[in-house]
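Engineer: Below you will find the structure I want to go over with you.
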Protein chains: 2
Amino acid sequence: MKHVKEYIEANKDRFLDELFGLIRIPSISSLSKHKEDMLKTAEYWKTKILEAGADKADVFSTEGNPVVYGEKIIDPSLPTVLVYAHYDVMPVDPLDLWETKPFEPVIKDGKIYARGADDDKGQGYMHAKAFELMVKTNTLPCNIKFMIEGEEEIGSPNLGKFCENNKEMLKSDIILVSDTSMIGMDIPSITTGLRGLSFMEVEVTGPDKDLHSGIFGGAVANPANILAKMIASLTDEDNKVTIPGFYDDVLIVSDEERLEMAKAPFVLDDYKKALDIDEVFGEKGYSTNERTGIRPSLDVNGIWGGYTGEGAKTVLPSKAYAKISMRLVPNQNNKKISELFEKYFKSITPPYVKVKVTALHGGQSYVSPTDIIAYKAADKAYTESYGKKPIPVRSGGSIPIISAFEKILGVKSILMGFGLESDAIHSPNENYPLHQFYKGIETLPYFYKYFAEMMKG
Amino acid sequence: MKHVKEYIEANKDRFLDELFGLIRIPSISSLSKHKEDMLKTAEYWKTKILEAGADKADVFSTEGNPVVYGEKIIDPSLPTVLVYAHYDVMPVDPLDLWETKPFEPVIKDGKIYARGADDDKGQGYMHAKAFELMVKTNTLPCNIKFMIEGEEEIGSPNLGKFCENNKEMLKSDIILVSDTSMIGMDIPSITTGLRGLSFMEVEVTGPDKDLHSGIFGGAVANPANILAKMIASLTDEDNKVTIPGFYDDVLIVSDEERLEMAKAPFVLDDYKKALDIDEVFGEKGYSTNERTGIRPSLDVNGIWGGYTGEGAKTVLPSKAYAKISMRLVPNQNNKKISELFEKYFKSITPPYVKVKVTALHGGQSYVSPTDIIAYKAADKAYTESYGKKPIPVRSGGSIPIISAFEKILGVKSILMGFGLESDAIHSPNENYPLHQFYKGIETLPYFYKYFAEMMKG
């Protein structure tokens, strides 16, 4: 497959230019003011899929942001790969922590710095270019379909319906996704599990207006103090979640499997150093990798209330808020967990305040088997391009729609991620090493080759 | 004293125009971008004191915002009243809760709506106009001095030094202040106690950057969750503050005094209704008025961290913050309490995070005796203008500089407040009834009359 490296070398500057064009559109799905940018980004993807060699491509409107679909059918009797990616990105605040402008990509120390550089514009666009490479070098061994959505970061609220309505069009043998990480730049890995998600927002109301904390302090419940107490009581001294029933459905991983997982390379001191923390934290009785891989968690993603500006303001706030999310593992049901959370949070509300609980979004966990053809093809592809056998890992992250794909389309997904933990996705200064971008474009054609071969029998 | 009502009636529109001019300057002392507005407000006061009839008035610069000083000495052998007020105001956020623009005063339902309408532009300016009234009607019975500062809302960090440096100039027999409230529009009261204040800011740092809450959630301590636990542990189930030593110096009020205080008119249902709360809250064993009048308290004035925008962002924040203040009672020392807070907060910090604790400002509590001439003169003044004897009350609020005045200048203060609890000071839609503004201007000349008479013996 000498043609692969040669094609990438000859076109690498253009590949990057095109990716930068994609990144420059600020497609933040959670902020309604970016509605038009979503459409622009979808159109950009459509054009690029067509230019890469698709038979057809279209922007499909939904009740939310549009979905881009494109395909190249070389022979209906051959296997079909459905590439899934998302063109939306996370918000960029706190903006003052960015060293460069989030939507103006720059290359520094061999990395692309920008919102979406990895998640999921950088990783997604590798697929467009691997596709182009196979078309232009006449090496595409099977049919290919693209489904690029614009609402992954807000829980894919409309993609399930899109799949329901287009089952025939989306028919495929495997769904291929690059939206996860590898263990390290020289340690390839395949993600075999994703956590589910239940994302809640709570609002605690005390008095109907902000009060003077001198005149009323001590006599009227302060919703910020109460919210702190309520959040504190969501976990116990062993860092276990206290919501009744929370762990009821958690799939218990066997000691054998835990021993096997413990073999993945992990240096605790490096982990702590990379985050500048003195101690790790988590549920008693589990290792760091187990805490994100096989156990659920509960995090405050945002908290606010009262005066947050410069200096002092002696106010007793009327309201305090928090965004609280739970990562879930097999067989926890995200809807059930959201309901348990709401019920429990309301049950611990003292009579001095009122609370409102809203489920913002969620999704099921996913386990990808290692005995399917797609896994074996991915294993061979990484081995070929990296010279090393990839390690199967459970990721702590969530791609809520993946489990929905299996349910609606009846097709498994293979998670070939090329991100690194240091890519700071969802954070200021998100970045993606150029090396990973090109290595991804190089690895994917191998996957198609082996997948098509093995599917033939 | 028919001339008092007549003069007010003849000039009431101009009085209001002048107050509106004062209010329109956005003199927020805690925000550094308003530096120039502070100077403008000081100049405005100076001009108005001179126009009202002062012999001289000047703007004195300090290391912070300037102090306005003015005086009219009619006879050095007569008693002297030093009027203290402040021209700075609180910040205005949350701005979206204001029904009108905070610095564009409007009259609605007989009330002035604006930031500073009561605290302390409305209440302070009554003194300028009562002074003018006495000068123009030739009824000023004693000497008068004005000291108007611009840093009360941030703890008067430079006024102590100003007093130290100008003891001779500021020499007086009583300090007269209108920066407190009455029980109700038809229930005059004199504030005989103020709580002290210790205002802290805390910063909790987990990892050195925001992290993806899926990839790291459950394995890295979340500073927002930790901060919630730390705040929760600052008070116990009886709503007592848990900081060791916090109550050590609290002056215990006798049962007799508590019985006397309980006679002040108070309707719990009205109180709850006015705040739209189902239940009051507070330290076990004390009534609502005792909780703010004779007991210290601890309140979160602001809390923030992580993603606080629209929708969901699955971030594990690097930092979380809170502004936490404690209201103090006689004989608690605010510096000692700030130190106890810092020591305790650090002691409960778990090893997974780092904390920073900063004391933002503070002040001592104050007790005003009811057996001094100024109290008796104030009592007679209210009785004259309201037709009712005023009730002595302990306020939950703080005017940190008042106790410093006694220490530095050796002079007591008399707190003749005309505000109402419904004035929403420090809150959106701050307001001040026109009735109170004019009633204040009417009552103050009586105070001067009786004070001068009683001082003569």
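Read-outs throughout are calculated quantities, based only on the coordinates presented, and are distinct from any laboratory measurement. Note that this is a predicted model, so its numbers are computed, not measured. Quick reminder, even Gly has a Cβ in these numbers, built from the backbone with ideal geometry, and neighbours come from all protein chains shown.
Engineer: For A:Ala264, place a label point 7 Å out from Cα along the Cα→Cβ vector, do the same in each other copy, and report the separations in nm, one decimal, smallest first.
Structural biologist: Sorted ascending, the copy-to-copy spacings read 6.3 nm.
Engineer: Below 11 angstrom from the Cβ of A:Ser385, what's the summed charge of the other residues (Lys, Arg +1; Asp, Glu -1)?
Structural biologist: +2
Engineer: Can you give me the convex hull volume of the Cα atoms of segment A:1-112, divided per residue and expressed in Å³?
Structural biologist: For segment A:1-112, the hull spanned by Cα atoms encloses 140 Å³ per residue.
Engineer: In degrees, nearest 10, range 0 to 90: what is the angle between the Cα axis of helix A:2-23 and the longest Cα principal axis of chain A?
Structural biologist: Computed tilt is about 40 degrees.
Engineer: Here's something else I'd like to know. Just to confirm a number: summing +1 for Lys and Arg and -1 for Asp and Glu over residues other than A:Thr370 whose beta-carbon lies under 9 angstrom from that of A:Thr370, what do you get?
Structural biologist: Net of charged neighbours comes to -1.
Engineer: Also: Considering only C-alpha atoms, what is the centroid distance from segment A:268-311 to segment B:158-189, in Å?
Structural biologist: Cα centroid to Cα centroid, the span is 50 Å.
Engineer: Note the distances from A:Lys354 to each other copy's matching label point, with points 7 Å along the Cα-to-beta-carbon direction, in nm, sorted shortest first.
Structural biologist: Nearest to farthest, the other copies are at 4.3 nm.
Engineer: May I ask you to list the GluC sites (Glu not before Pro) in segment B:13-74 that are in a DSSP loop and have at most 16 other Cβ atoms within 10 Å of their Cβ?
Structural biologist: Here the GluC sites (Glu not before Pro) that fit, given the DSSP loop and packing criteria, are B:Glu63.
Engineer: Calculate for chain A the 222 nm mean residue ellipticity that helices alone would give, adding -39,500 (n - 2.57) per DSSP H run of length 4 or more and normalising by residue count, nearest 500 deg cm²/dmol.
Structural biologist: -11000 deg cm²/dmol
Engineer: Hey, another quick one. In degrees from 0 to 90, rounded to the nearest 10, what is the angle of the helix A:334-347 Cα long axis to the longest principal axis of chain A?
Structural biologist: In chain A, helix A:334-347 runs at an angle near 10 degrees to the longest axis.
Engineer: Quick one: what do you get for segment B:193-232 if you divide its Cα Rg by 2.2 N^0.38 Å?
Structural biologist: Taking N as the residue count of segment B:193-232, the ratio is 1.72.
Engineer: What are the residues whose amide H is under 5 Å from the amide H of B:Ile28, where those residues sit 5 or more places off or on another chain and H is modelled from the backbone?
Structural biologist: Result for B:Ile28 returns B:Val89.
Engineer: Output the Kirkwood hydrodynamic radius of segment B:328-457, Cα pairs only, in Å rounded to one decimal.
Structural biologist: Result for segment B:328-457, one decimal place: 18.0 Å.
Engineer: So what's the gap between the Cα centers of segment B:76-110 and segment A:1-38, to the nearest angstrom?
Structural biologist: Taking the Cα centre of segment A:1-38 as reference, the centre of segment B:76-110 is 55 Å away.
Engineer: Of B:Ser395, B:Ser287, B:Ser181, how do they rank once you tally other Cβ atoms within 10 Å and put the fewest first?
Structural biologist: B:Ser287, B:Ser395, B:Ser181
Engineer: How big is the Rg/Rh ratio for chain B, C-alpha atoms only, Rh by Kirkwood, two decimals?
Structural biologist: Result for chain B is an Rg/Rh of 0.99.
Engineer: If you don't mind, another one. Using the alpha-carbon centroid of each, what span in Å lies between segment B:319-391 and segment B:399-457?
Structural biologist: Cα centres, segment B:319-391 to segment B:399-457: 19 Å.
Engineer: Determine, for B:Ile294, A:Ile372, A:Ile28, the number of other Cβ atoms within 10 Å of each Cβ, and report the residues in order from fewest to most.
Structural biologist: A:Ile372, B:Ile294, A:Ile28
Engineer: Right, something else. Project the alpha carbons of the protein assembly as shown onto their principal axes and report the range along each, largest first, in whole Å.
Structural biologist: On the principal axes, the protein assembly as shown reaches 115, 50, 46 Å in Cα extent.
Engineer: If we count other beta carbons within 10 Å of each Cβ, what is the order of A:Arg394, A:Arg115, fewest first?
Structural biologist: Least to most surrounded, the residues fall as A:Arg394, A:Arg115.
Engineer: Nearest 10 degrees is fine. How inclined is helix B:434-456 to the longest principal axis of chain B, computing both from alpha carbons?
Structural biologist: Around 60 degrees separate the two axes.
Engineer: Once the label point is placed 7 Å from Cα along Cβ, list for A:Glu310 the distances to the corresponding points in the other copies, in nm, shortest first.
Structural biologist: From this label point to the equivalent ones elsewhere in the assembly: 2.9 nm.
Engineer: Once segment A:139-183 is represented by equal point scatterers at the alpha-carbon sites, with solvent omitted, what log10 I(q)/I(0) does the Debye formula produce at q = 0.27 Å⁻¹?
Structural biologist: Those come out to -1.16, one per q.
Engineer: In addition: Near A:Phe103, within a Cβ-to-Cβ distance under 10 Å, what is the net charge of the other residues, with Lys and Arg +1 and Asp and Glu -1?
Structural biologist: +1
Engineer: Show the residues, 5+ positions off or on another chain, whose built amide H is closer than 5 Å to the amide H of B:Lys111.
Structural biologist: For B:Lys111, the qualifying residues are B:Leu434.
Engineer: Suppose every K and R has +1 on its Cβ and every D and E has -1 on its Cβ; what is the size of the dipole of segment A:318-457 about the Cα centre, in Debye to the nearest 20?
Structural biologist: Here the size comes out at about 620 debye.
Engineer: Which three extents, in whole angstrom, do the alpha-carbon atoms of segment A:82-197 cover along their principal axes, largest first?
Structural biologist: Projected onto the principal axes, the Cα atoms of segment A:82-197 cover 47, 37, 27 Å.
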